[in-house]
Every structure is written in C-alpha cells, then in structure tokens.
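What follows is a single structure, written as structure tokens, with notes after it.
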Amino acid sequence: MSYLVLARKYRPQRFADLVGQEHVSRTLTNAIQQNRVHHAFLFTGARGVGKTSAARILAKALCCERGDAPTADPCGVCEQCQEIAGGRSVDVIEIDAASNTKVEETKSVLEGVRYAPARARSKVYIIDEVHMLSSHSFNALLKTLEEPPPHVVFIFATTEVHKIPVTILSRCQRFDFKLIATTRLTEHLQSVLAKEKLAADDEAVRVIARQAAGSVRDGLSLLDQVIAYVGDAKLTRAIVADVLGVADRRLLVELAGHVLERDAGATLRALARAADGGVDLGQLSRAFLGFLRDLEIAARVKDAGDLVDATPDELREIEALVGKGAPGVFAVLFDRWARLVDEASKSQTPRLLVEMAAVELCAAEPLLPIGDLLERLDALEARLSGGGAPAPRTGGPVGGGAPARPAPAPAPPAAGPRSWASPPASSTSAAPSAPAPVQMAPSAPAAPSAAPSLGASASPAEIWRAVLARFESKPVLGSRLAYAGVTAFDRGTLTLAFPDKYTADAVEKSRKDLEEALSAVVGQPTKVVLVTGEAPAILKSEASAESDALAADKKRRETEARQHPLIQKAQDVFNTALKEVKTP
C-alpha cells in the first residue's frame, strides 16, 4: 500500500477534530441540532486551515445514515460517511472551480440540481476555490443559489473572498477560518508525533509550527519532510533548522546582540555562517524583522507575553536584549530592516543588501523625542554663546511674579565608548561655571492713544509712527494701516500705497479720521492719497518690514546651521551634502 501523507492521514473527520476553528464547529453543530441548516455556506480563510475538511464533515453530518435526521456527530462508519470521506459519493459533488471556470460547465452542474439525491438524504455541492469562477458563472448561480430545491446544499470554499461578487455573498452564510496560533499548532503536531511514536524536542516542534505560519496542512507537510530526514531518530531544533533551511532562534538572538553592541564585524560573520550553512537569506530577513518587532513590543509593553510569540525562556532572552537598547532604538532598527526586506525580494544580489543593511543597523542611532532634541539644541546654543542655560520649555505665568531661576547648563559627558542611551560628547565649549542671574526688564508703558504735534519738519517715519499710535484703540483700522507704505510726503499731502484694492477701499471709509489724525500730528491741514500696487516707498509698511526681518533672520539661521561644526562633521562622516535647512 502506498504511503499516506500526514496531512491526509490525520485529516479531521468530525467537527471536534477541527484545529483552532471552535467558532465554526460550534455554530454548525448548533445549526444541525436545532434544524436551522442554511442552504448555502461560504468558508473563507488562508490555505490549510480546514475549509475543505469542514465542508466534507458538514456533508457527512447531513447525509449520515445513523438516525432519521442530520446529526452533528457523523458516525464515520456507515456507507454514506465512507463514500464521502473517500470522494466516491454520487450525491456529494466536489468541484474545482479553478479548472471549471466557464459558464457552460456551471450550467451543466446546475442541470442536476433539480433531481433528487440518488441515495443520500441531501445533495451537497462543494465548490472549492470558488473565486476562480467567471462573472457569467456567478450570474448563472444567482437564481439557484437564492431559491434552491429543499434537498440541495451549496458549500463554497475560497482563499480570496474579496473576489466574490456581493450578490453571491449576500446569499450565503459566511464563516471565516482563522490562522492557527503557534502554541495551538505546536500541541497538534506533538499529538501527531505521539500517535506516530516519534520523539521530538519541544523547541524542534515549535520551529516547525512557526514555519507553518498558522496552516495545519503546511505544518504536517513540514513535519513529514523532517521525519523523512531523521527516520526513527529524535527531532531536535538544530536538525529541523538544518533540514528546513530556516534561521534558528539562537541566530536571531545572536544577530540582535551584535547589532545592539554596534559590532559590525561580528554581525557580518554571523550572517556569513548562516548563508554558508544553507539558511535562506530571504527567510532569515523576514524572521529577523519579526524578531525586531518582538523587541519593540517588549520594550513598549509591560508583560508582553500574550503579544509576543515566544516561550517563557525566549521571552526572558528578549527582555535581556531590550535592556541593552535605548528607548526608541528598536523602532529605528525595524524601520530600516523592513525596507531591506522589501528591496531584497526584488534584487538579484540579496546577500549584498542584507550585509549592508546589517552594517547600517550597527550604526543606527535611537529616535529621540523632539522635545529632547530641542532642549539639547538650546543647551548647545547657550554654550556656544557663552551665556547661561536656556529656560526650560514649559509654560509659565505671563506677567508679574518673580522670574524662574534658570537651570545650570549640563556638564559634558566624560570621554569613553559611546552607548545607545547617551549622545556624543561636545568638545566645542564647556558649560559656564556660574551663570549670571537673569533679571526681568521693566515692562514698557503702553503707547498713548494720541501723540503730541510733531510739526511738518519731522521725518515721514516719525510722523507715520505717531499717526499709527493714535489708532491703537481701533485695532481693525490699525491692522489695515500696518499694510500701508509711505511713498510721498510733500506740500500737505501724504501718499499711502496698499498691496491690494480691498485694503485700500476699507481704509477709504475712514479717510476723514485718518486725515484728522495726520493733521493733528503735523500741526497743519494735511490730505491723504491712497494708491494700490507696487510703488517705490520712502517708508515700508510695518507688515513688509516685519516680513523682511523674518526672512533675514531665517537666512541668518540657515547660514549658521550650514556653518555649524556638528553639521559639517556629519556631512563629512556620511559623505553627503546638506540638501535643505528647515527653520520654524
């Protein structure tokens, strides 16, 4: 007799045998017991999680000869159960939609729907990979699927439910099959090994379960492969990793340790040993990405045992590695390695990319909060200017009250090897030994609402500032006058230029008040002329002057940043040029 693979030998024969699909088993069992069986079912989920097996179990439950009605626990020994399990039943029709996509084939199947079952209690149509049917085939199914004969039950199975028309989905009772958790799949594989009377380490079985990625069929197929290699010998973690060509957990821990120690040489040697040992670098990259994810979760979440796929011993190893890294470093490592995984899958030289990405991880710096960066910049600016440390960036009372004493500038760290948690020491200057106390300047008195007469001999700037001071009690008009530039002042006439007609028209409504204020300041009757557009100004508007000042300050800060020793050193280290300087 030919060998029967484990995936077929241990295929579930009852609802209770389905691994990790308790929600499906319970619902279908209750539906049968309460005589509420739907006429169309849709089983969706990843490969190897029990969709087709559940469809066959449901068919046996509906057709089992034990009793006069469907049973939730088919006997498995009657003629109908045996024929359905062997795929020989004339009343349970299994159709592969991938090879029967045409509408003509669907119509030929539907021709038999109207006929009563030959021997069984019901006629069951199991259509696997139903999403492969053509749109015309789906349309042919609609009417029959909505109102089938009472003896017909449809069971659809698919891995890509999004490709099924909504008109089909609305006529079916949908069941979503879950991926199996690694712990649950490990238990199932161990039970299979016990039935096969084979010995295996728990870690070896766990490696197989991890590689199965939630699929029972994949796990049993991998187990078959490993058993064929070892024969009657005991399965160990090293043997499983060698046979499957996967990264051992110890290799992932070793790589993470070297990266956190910033040892590029040891990291590259570990990768070389893995590649020479037959480990698939693509699988290793994906496994290490998942391991970095586990490190980040363990660093951020307290008691992360339920969020990390690891045994208690492995969780302790993860926590030990987390203690070596600074806050935020694992997120940076994950982000950079994720880009490598995406690029390596499309590259002709994945090993080069993996090695260079590993070197980059060893040189990565932790992602610091923006608040810490701003405080460090303030402290650096204070040391370079020779002044005291800046005031902390916290909100304080506005107005009176004693000023807060500034904190002393932090002393530069001692020379020594750099770590993840501390920034590089600055050698540009030392912190002042005793910063001078900061004294608050007395607040300037508010400008009077009416300025005294200056006379016609005063400069246009003095006259215009005095006029603006008279309108401080009228903020709307004052804000509009801030956009006015003085273009001419001669023979009792002041010409004002505005950037747009809207502002000029708004000031035109208050021309009388403006001329009265101007005449009072000059000491003689003076008229105002309003113009719009660009014009040579002998006195720029306040808004324009402020904009020019901001632009000049921004340019000054950009120049200082480009000439800063730390920035120039960073450009030399990374052999690059500064592309853009962003200032607030």
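Residues in region 67-93 that are more than 17 Å from Pro117 (Cα to Cα) and either surrounded by fewer than 14 Cβ atoms within 10 Å (Cβ to Cβ) or not assigned by TED's automatic domain parsing to the domain that holds Thr106 (or both): Gly67, Val77, Gly86. Being at positive phi and not aliphatic (A, V, I, L, M) is not true of Gly112.
Would region 64-84 turn up any residue that is in contact with a Lys or Arg (Cβ under 9 Å, 6 or more places away or on another chain), among the charged types (D, E, K, R), closer than 29 Å to Ala140 by Cα and touching a residue at least 12 places away in the same chain (Cβ under 8 Å)? Checked region 64-84: no residue is in contact with a Lys or Arg (Cβ under 9 Å, 6 or more places away or on another chain), among the charged types (D, E, K, R), closer than 29 Å to Ala140 by Cα and touching a residue at least 12 places away in the same chain (Cβ under 8 Å). If you go through region 527-536 and keep only what is in a loop (DSSP other than H, G, I, E, B) and either among the polar types (S, T, N, Q) or at pLDDT 70 or above (or both), you end up with Gly533, Glu534. Starting from residues that are at pLDDT 90 or above and among the β-branched types (Val, Ile, Thr), keep the ones in region 324-378 and report whichever is nearest to Asp263 (Cα to Cα). Once the filter is applied, the top-ranked residue is Val359. Go through region 520-540 and report how many residues are out of contact with any Asp or Glu (no Cβ under 7 Å at 6 or more places or on another chain) and buried (at least 17 other Cβ atoms within 10 Å of the Cβ). The total comes to 5. Listed by first and then second residue, the pairs with beta-carbon distance under 9 Å, at least 6 apart or on different chains, first residue in region 230-242 and among the polar types (S, T, N, Q), second surrounded by 12 or more Cβ atoms within 10 Å (Cβ to Cβ) and part of a strand (DSSP E or B), are Thr236/Ala200.
The number of residues in region 561-578 that are surrounded by fewer than 10 Cβ atoms within 10 Å (Cβ to Cβ) and within 21 Å of Glu360 (Cα to Cα) comes to 6.
Would you be able to say whether some residue in region 48-68 is outside any loop (DSSP other than H, G, I, E, B) and more than 45 Å from the chain's Cα centre (by Cα)? Among the residues of region 48-68, at least one is outside any loop (DSSP other than H, G, I, E, B) and more than 45 Å from the chain's Cα centre (by Cα), which makes the answer yes.
If the condition is being of a type in the set (Phe, Trp, Tyr) and in contact (Cβ under 8 Å) with a residue 40 or more places away in the chain, then region 313-340 contributes Phe334, Trp337. In region 294-302 there is at least one residue matching the filter, namely being surrounded by fewer than 18 Cβ atoms within 10 Å (Cβ to Cβ), within 24 Å of Phe330 (Cα to Cα) and modelled with pLDDT of 90 or more. I'm checking my understanding of the structure. Among residues of region 197-220 that are farther than 14 Å from Val246 by Cα, part of a loop (DSSP other than H, G, I, E, B) and of a type outside the set (Asp, Glu), which one is farthest from the chain's Cα centre (by Cα)? Top of the filtered list is Lys197.
Here Thr495 clears all of (1) among the β-branched types (Val, Ile, Thr); (2) loosely packed, with under 14 Cβ neighbours inside 10 Å; (3) touching a strand residue (DSSP E or B) at 6+ places or on another chain (Cβ under 6 Å) except the condition numbered (2). Evaluate region 15-22: report whether one residue or more is β-branched (Val, Ile, Thr), modelled with pLDDT of 90 or more and closer than 24 Å to Leu141 by Cα. Checked against the condition, which is being β-branched (Val, Ile, Thr), modelled with pLDDT of 90 or more and closer than 24 Å to Leu141 by Cα, region 15-22 yields no hits at all.
The values are calculated or read from the model by the stated rules, or taken from the named source; none is laboratory data. Predicted model only: the values in this text are computed from it and were never measured. Cβ: placed from backbone, ideal geometry, glycine included. Neighbour counts: every protein chain shown.
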